[in-house]
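Reading through the structure tokens given below for one structure.
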Amino acid sequence: MLYREAGQFKASYKEDQQIFPIRQDRIAIALILAFFYLGVPYFASQYWLQGIMIPVLIFSLAAIGLNILTGYAGQLSLGSAAFMAVGAFAAYNFVLRVPGMPILVAFVLAGLCAAAVGMVFGLPSLRIKGFYLAVATLAAQFFIVWALTKFPWFSNHSSSGVITAQKVVILGYVFETPEAKYLLTLGVVTVLALLAKNMVRSSIGRSWMAIRDMDVAAEVIGIRPMHTKLMAFAVSSFYCGVAGALYAYTYLGTVEPEGFNLDLSFRILFMVIIGGVGSIMGSFLGAAFIVLLPIFLNISMHMLGDWVPQGLASNLELIVFGGLIIFFLIVEPHGLARLWQIGKEKLRLWPFPH
Amino acid sequence: MKMKKSALIGFAVAAALGASVVQAADQYIGLPSYRVGPYAAGGTGIYGGMIDYFQLINERDGGINGVKLTWDECETEYNNARGVECYERQKKNGPTGNTVVHPLSTGITYSLIDKVAVDKIPIISIGYGRTDATDGRYFPYVFPLITNYWSQSTAKIKFIGMKEGGMDKLKGKKIVNIYHDSAYGKETIPVLDAQAKKYGFTVKHIPVAHPGNEQQSQWLQVRQEKPDWVILRGWGVMSAVAIKAAAKVGFPREKMVGVWWSGAEEDTIPAGSAAKGYIAAGFNVAGTNYPVMKDIQKYVYAKGKGNMDDKSRVGSIYHNRGVVHGIITVEAIRKAQEKFGKGKSITGEQMRWGIENLNIDNAMLKKLGAEGFMPELKISCMDHEGSGKVKFQQWDGKQWKVITDWIDADKSIVRPMIEESAAKYGKEKNIAPRDCSKES
């Protein structure tokens, strides 16, 4: 009843092409953004911002990156964590070695470095496909982590190979409190998510999807596979790289190459699969699911109190987490984003379903 | 983007958080433990031992000057991001917030170093973590107590020198360093190189990729090199595999010296008979033949309040290491109470003072029933390590046997390297060093 677009006529192409063509959606988005920009920093505790909101946002960004590559362009990749590592170490080195480097510029340059590395490792995608490509990107995962450990220059000759992010200063303002760091992260993620959403609706996004659905047919209608695939690798790695820089600068503060291991790559891939392959919205839902569910389970196990021994509780957490993933994949193989879409369609008809 | 779903989950978590409130006049310690995953053997043992000791203090002494210890655990899975989440979750619990953090993971320690300085909660990282944090002028809130990796490396070379019949006999000898190819494994390379130069032996570094369950090529290389000694810097599954691989190529296990993270029952038992004769460093010993362990049996396990599911692990290397963590934590709280008010809950900032002024000598260890169980410990503003001593133990096929007394580190090699590294950190982060003569 409330969620109905009757009476909203599009009089121009511009109106027809906007991201949220329905007025209710626009209002909802404005309210949600206002809530996250104004409400959350005001009400949420330090734990909430630092322990939950910031990681969810950062992983959402990484998941968007992988979703562009895997979900939209159809190229399976297992190297997302390594591209995050490139971003984190590149940002560190730019700030360290270029005096007066503005931090946001360093983030962009870090993303570009990751994009360049991503393109190199994307080259095999021109010849091999599917699971074989996944193995090729696996090489990126191991090679990059190895190289960052092997060459001490990357970590400024730190004996342990660990880097500590410098202070984040923009126009003289020091981002130190969790609120400030949260807002910075949120700002970067909002801009990049909006950009991604527009990219996948534009011609480049359509050519990605054409390649994904059938590359021979795409080539026949005039889409250059090399250009398109490498573009997908570059954009995807750019997103992962910026996520990695944020991971180091606004979340952990100190990172080691080991932290960006295959496990993290898999985690990002799971976010994409659970959230919804080929959906920007799904990246957010998937990241929230994968990051929050274990924490939620951990806390609820604690509420059971002493009669569940800690060792059992920790193992139960993994069992329930795994079980829920399987459950969700069975009831909705297209991910949480699809559930959201179904909900929206139902709401459109409510209260008079057919 | 719409994030209603995450917000909903969030509110449920927030509701759950409200439930964990601890009563006043308690001392709360948040434990970011790991009981699942590849390193669970270490996690269950050490956190179990620590909890057993806290339980002993509550049961036998009624707490520290009447202040009962309380704690809860938060599963980190040895994962940095989960570790940070646990730290944030636990830091405000209890009447005075979290007292002290024991991350038991080098990665999590690194991730918390900046945060603890802001929140004023000390980190104790015994035998792991950031080596240059030994320089307390730059790292007021980080305590890599007892011994760090560099100190341990010099003690190992000293031990090898002893076995060879004097440090001058090391000249011309060949040592192979088999290390876990990670930040952790690489950390001792510069110290070993410095010592090789000083004593005139040659050292060859051979990396093993994580997790290390395939080491055939590395050990073939060892066979070609024919070294006099092999130093094993392993972690997790890598250690047992290395011992077995050494047996396969016929390298004598009596010439293999492991770091303390590859010197527990969990490393030798899987290697079976191949492990007999293998030597490892340790800052604590195994066994229950100490008064403190007997008290744990009597006051904790006899009452059914023990933390270890597998009672046979009580007195194992990891469990005893946890007891050492417990002793140090409790004594630091006691020290802080002496200054800031007996019978009161102390804050993290006061705890920091307690750790920095901790002095556990042999008389005190005797009183605690832990003489010979762990080395003496004296912390100061300059020296956040406080000891540097290790014992070497040999696996006799059934259990670890101590074969040396406490061996000191060679501070003349380690200290300048630590100060250099810490000063570099200070410069990078714009931290001015504290003036230690003004600390009381």
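Is there a residue being farther than 17 Å from B:Lys156 by Cα and over 21 Å from the mean Cα position of the chain (by Cα) anywhere in the range B:402-415?
No, every residue in the range B:402-415 fails to be farther than 17 Å from B:Lys156 by Cα and over 21 Å from the mean Cα position of the chain (by Cα).
Residues in the range B:201-211: is at least one away from every other protein chain (no Cβ under 14 Å), out of contact with any strand residue (DSSP E or B) (no Cβ under 9 Å at 6 or more places or on another chain), touching a residue at least 12 places away in the same chain (Cβ under 8 Å) and of a type in the set (Ser, Thr, Tyr)?
For the range B:201-211, residues away from every other protein chain (no Cβ under 14 Å), out of contact with any strand residue (DSSP E or B) (no Cβ under 9 Å at 6 or more places or on another chain), touching a residue at least 12 places away in the same chain (Cβ under 8 Å) and of a type in the set (Ser, Thr, Tyr): absent.
Quick check on the range A:95-110: of everything there that is within 14 Å of another protein chain (Cβ to nearest Cβ) and loosely packed, with under 13 Cβ neighbours inside 10 Å, which residue is modelled with the highest pLDDT?
A:Arg97
Evaluate the range B:189-198: report whether one residue or more is closer than 29 Å to B:Ala40 by Cβ and not in a loop (DSSP other than H, G, I, E, B).
yes
I'd like the full set of residues that are in a helix (DSSP H, G or I) and crowded, with 18+ Cβ neighbours inside 10 Å, limited to the range B:168-188.
B:Leu170, B:Ala183, B:Tyr184, B:Gly185, B:Lys186
B:Met417 fails exactly one of the following numbered conditions: (1) free of Cβ contacts under 8 Å to residues at least 60 places away in the same chain; (2) under 26 Å from B:Met167 (Cβ atoms); (3) within 14 Å of chain A (Cβ to nearest Cβ). What is the number of that condition?
Unmet condition: (1).
Among the candidates A:Ala180, A:Ala232, A:Ala217, single out the residue that is in a helix (DSSP H, G or I), crowded, with 20+ Cβ neighbours inside 10 Å and of a type in the set (Gly, Ala, Ser).
A:Ala232
Could you grab me the full set of residues in the range B:71-82 that are at pLDDT 90 or above and either more than 12 Å from chain A (Cβ to nearest Cβ) or part of a helix (DSSP H, G or I) (or both)?
Answer for the range B:71-82, where residues must be at pLDDT 90 or above and either more than 12 Å from chain A (Cβ to nearest Cβ) or part of a helix (DSSP H, G or I) (or both): there is none.
Taking B:Lys198, is it in contact with a strand residue (DSSP E or B) (Cβ under 7 Å, 6 or more places away or on another chain), of a type in the set (Lys, Arg) and more than 14 Å from chain A (Cβ to nearest Cβ)?
no
Yes/no matrix, rows are residues, columns are (1) out of contact with any Gly (no Cβ under 7 Å at 6 or more places or on another chain); (2) not in a loop (DSSP other than H, G, I, E, B):
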site	(1), (2)
B:Met351	yes, yes
B:Ala363	yes, yes
B:Lys367	yes, yes
B:Gly386	yes, no
B:Gln394	no, yes
B:Ile413	yes, yes
B:Pro416	yes, yes
B:Arg434	yes, no
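Residue by residue, here is whether (1) out of contact with any Ser or Thr (no Cβ under 9 Å at 6 or more places or on another chain); (2) within 30 Å of B:Glu356 (Cβ to Cβ) holds:
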| position | (1), (2) |
| --- | --- |
| B:Asp132 | no, yes |
| B:Val142 | no, yes |
| B:Ser153 | no, yes |
| B:Ile157 | yes, yes |
| B:Gly165 | yes, no |
| B:Lys173 | no, no |
| B:Asn177 | no, no |
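Taking the range B:83-95, which residues are within 8 Å of chain A (Cβ to nearest Cβ) and part of a loop (DSSP other than H, G, I, E, B)?
Hits for the range B:83-95 are B:Lys91, B:Lys92.
So is B:Glu338 more than 30 Å from A:Val168 (Cβ to Cβ) and away from every other protein chain (no Cβ under 14 Å) or not?
It is true that B:Glu338 is more than 30 Å from A:Val168 (Cβ to Cβ) and away from every other protein chain (no Cβ under 14 Å).
Collect the residues in the range A:274-315 that are farther than 21 Å from A:His334 by Cα, modelled with pLDDT of 85 or more and more than 7 Å from every other protein chain (Cβ to nearest Cβ), keeping them in residue-number order.
Hits for the range A:274-315 are A:Pro294, A:Leu297.
Any residue at all in the range B:320-341 that is outside any helix (DSSP H, G or I), more than 28 Å from B:Gly161 (Cα to Cα), in the same structural domain as B:Leu69 (by TED's automatic domain parsing) and touching a residue at least 40 places away in the same chain (Cβ under 8 Å)?
no
Under 8 Å between Cβ atoms, at least 6 apart or on separate chains: pull out the pairs that start in the range A:243-263 with a residue that is more than 8 Å from every other protein chain (Cβ to nearest Cβ) and end on any residue that is hydroxyl-bearing (Ser, Thr, Tyr) and crowded, with 22+ Cβ neighbours inside 10 Å.
Once the first residue is more than 8 Å from every other protein chain (Cβ to nearest Cβ) and sits in the range A:243-263, its partners that are hydroxyl-bearing (Ser, Thr, Tyr) and crowded, with 22+ Cβ neighbours inside 10 Å give A:Leu246/A:Thr185; A:Ala248/A:Tyr92; A:Thr250/A:Tyr182; A:Thr250/A:Thr185.
Right, A:Arg23: of a type in the set (D, E, K, R), more than 13 Å from every other protein chain (Cβ to nearest Cβ) and without any contact (Cβ under 8 Å) to a residue 24 or more places away in the chain or not?
For A:Arg23, the condition - of a type in the set (D, E, K, R), more than 13 Å from every other protein chain (Cβ to nearest Cβ) and without any contact (Cβ under 8 Å) to a residue 24 or more places away in the chain - is met.
Residue by residue through the range B:50-86, note down the ones that are closer than 19 Å to B:Ser345 by Cα and aromatic (Phe, Trp, Tyr).
Matches in the range B:50-86: B:Tyr53, B:Phe54, B:Trp71.
Can A:Leu186 be described as modelled with pLDDT of 95 or more, more than 9 Å from chain B (Cβ to nearest Cβ), crowded, with 19+ Cβ neighbours inside 10 Å and farther than 25 Å from A:Val117 by Cβ?
Working: modelled with pLDDT of 95 or more: yes; more than 9 Å from chain B (Cβ to nearest Cβ): yes; crowded, with 19+ Cβ neighbours inside 10 Å: yes; farther than 25 Å from A:Val117 by Cβ: yes.
So A:Leu186 passes the test.
Quickly run through the range A:130-169 and pick out the residues that are without any contact (Cβ under 8 Å) to a residue 24 or more places away in the chain, in a loop (DSSP other than H, G, I, E, B) and on the phi < 0 side of the Ramachandran plot.
Residues satisfying the conditions are A:Phe151, A:Ser158, A:Ser159, A:Lys167.
Is the range B:242-258 home to any residue that is touching a residue at least 40 places away in the same chain (Cβ under 8 Å) and in a loop (DSSP other than H, G, I, E, B)?
There is no residue in the range B:242-258 that is touching a residue at least 40 places away in the same chain (Cβ under 8 Å) and in a loop (DSSP other than H, G, I, E, B).
Can you name the condition, by its number, that A:Ile19 falls short on among (1) among the aliphatic types (A, V, I, L, M); (2) assigned to a loop (DSSP other than H, G, I, E, B); (3) under 30 Å from B:Lys91 (Cβ atoms)?
(3)
Here are some residues: B:Ile123, B:Ile108. Which one is under 12 Å from the mean Cα position of the chain (by Cα) and either of a type in the set (Gly, Ala, Ser) or more than 8 Å from chain A (Cβ to nearest Cβ) (or both)?
The match here is B:Ile123.
Rundown of residues vs (1) part of a strand (DSSP E or B); (2) hydrophobic (A, V, I, L, M, F, W, C); (3) modelled with pLDDT under 90, yes/no style:
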| position | (1), (2), (3) |
| --- | --- |
| B:Lys2 | no, no, yes |
| B:Val13 | no, yes, yes |
| B:Ser20 | no, no, yes |
| B:Ala24 | no, yes, yes |
| B:Tyr28 | yes, no, no |
| B:Pro38 | no, no, yes |
| B:Ala41 | no, yes, yes |
| B:Tyr47 | no, no, no |
| B:Leu56 | no, yes, no |
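Report yes if some residue within the range B:379-397 is within 14 Å of chain A (Cβ to nearest Cβ), at pLDDT below 90, surrounded by fewer than 22 Cβ atoms within 10 Å (Cβ to Cβ) and closer than 21 Å to B:Val191 by Cα; otherwise report no. Walk me through it before giving the result.
Start the filter on the range B:379-397 by keeping residues that are within 14 Å of chain A (Cβ to nearest Cβ), which leaves none.
Looking for residues that are within 14 Å of chain A (Cβ to nearest Cβ), at pLDDT below 90, surrounded by fewer than 22 Cβ atoms within 10 Å (Cβ to Cβ) and closer than 21 Å to B:Val191 by Cα, one finds none in the range B:379-397, hence no.
Does B:Gly129 fit the bill of being on the phi > 0 side of the Ramachandran plot, modelled with pLDDT under 90 and crowded, with 24+ Cβ neighbours inside 10 Å?
It is true that B:Gly129 is on the phi > 0 side of the Ramachandran plot, modelled with pLDDT under 90 and crowded, with 24+ Cβ neighbours inside 10 Å.
The values are calculated or read from the model by the stated rules, or taken from the named source; none is laboratory data. This is a predicted model, so every value here is computed, not measured. So basically every Cβ, Gly included, is an ideal-geometry build from the backbone, and we count neighbours across all protein chains shown.
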